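Worksheet: one structure, shown below.
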Amino acid sequence: MATRDELLELTAHMEWADALVWSTALQSGPARADERVRGLLHHLHTVQRAFTAIWQGAQPDLVSVSSFADLPAMGAWGRDGHAQLAAFLSSADDAALARIVKLPWAGRAIERPDAVAHPTLAETARQVALHSMHHRGQINARLRELGAEPPLVDYIAWIWRGRPAPPWPRNTAPSPPATA
């Protein structure tokens with residue numbers, strides 16, 4: 001089983017890589033206007049947030065892609081989701097990481113829904129990082145099609161650079177809470 005520190009390292013890389021992709025997407029006019037880029041970014045963060053909710057015993061709050069005024073607003077939502085995911089994993093002990101997680105969609109994803117082997121929380125945390133990597137690859141391919149130079153987001157590149165903090169664009173900063 002992966003340790004909490006290993007999972008936190010994977011999720012730190014995931015956030016760094018997501019932030020680089022967001023920076024590139026927001027700097028490209030064609031990418032900002034592209035429905036495929038918008039849809040993939042939305043899906044990437046929807047899944048990250050859904051797993052975080054399930055780990056916490058809550059129902060995922062599935063927010064529609066059309067509910068965001070613009071791409072920076074969606075970026076702020078994704079950035080906030082990363083903060084929630086990291087906070088949860090930071091507080092998870094070995095018992096929590098070993099806990100079985102029943103995913104509501106598992107039976108739809110395999111041929112024999114009655115034979116689902118349920119993963120541990122640690123295994124689902126690894127899945128989130130790997131799933132995000134897959135979709136970042138799709139987004140980067142689309143960025144190249146749109147004329148943008150996709151960022152190098154490989155895990156090893158993050159290591160080479162000394163595990164830097166995520167370079168989120170300023171316009172993706174989460175909004176401060178409303179005060180009364």
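Quick notes on this structure:
- The residue list Ala129, Ala109 contains one member that is within 29 Å of Arg38 (Cβ to Cβ), at pLDDT below 95, among the small types (Gly, Ala, Ser) and open to solvent by less than 80 Å² (accessible area, probe 1.4 Å), which is Ala109.
- Flag for Ala31 being of a type in the set (A, V, I, L, M, F, W, C), modelled with pLDDT of 95 or more, open to solvent by less than 70 Å² (accessible area, probe 1.4 Å) and over 24 Å from Asn140 (Cα atoms): no
- Near pairs, Cβ below 7 angstrom, 6+ apart or cross-chain, from region 64-80 (over 23 Å from Pro166 (Cα atoms)) to any residue that is surrounded by fewer than 17 Cβ atoms within 10 Å (Cβ to Cβ): Val65/Gly39
- Selection count, region 1-45, where residues are basic (Lys, Arg) and touching a Lys or Arg at 6+ places or on another chain (Cβ under 7 Å): 1
- A residue that is within 18 Å of the chain's Cα centre (by Cα) and over 18 Å from Val21 (Cβ atoms) can be found somewhere in region 34-50.
- Total residues in region 76-97 satisfying the condition of being within 26 Å of His118 (Cα to Cα) and in contact with a helix residue (DSSP H, G or I) (Cβ under 7 Å, 6 or more places away or on another chain): the figure is 11.
- With respect to the conditions (1) of a type in the set (Gly, Ala, Ser); (2) touching a helix residue (DSSP H, G or I) at 6+ places or on another chain (Cβ under 6 Å); (3) open to solvent by 20 Å² or more (accessible area, probe 1.4 Å); (4) closer than 30 Å to Gly147 by Cβ, Ala73 lacks only one, and its number is (2).
The values are calculated or read from the model by the stated rules, or taken from the named source; none is laboratory data. None of these values were measured; they are calculated from a predicted model. Ideal geometry is used to build each Cβ from the backbone, glycine not excepted, and the neighbour counts take in all protein chains shown. Just the protein is used for accessible areas: all its heavy atoms, side chains included, with ligands, DNA and RNA removed. Shrake-Rupley method; radii C 1.70, N 1.55, O 1.52, S 1.80 Å.
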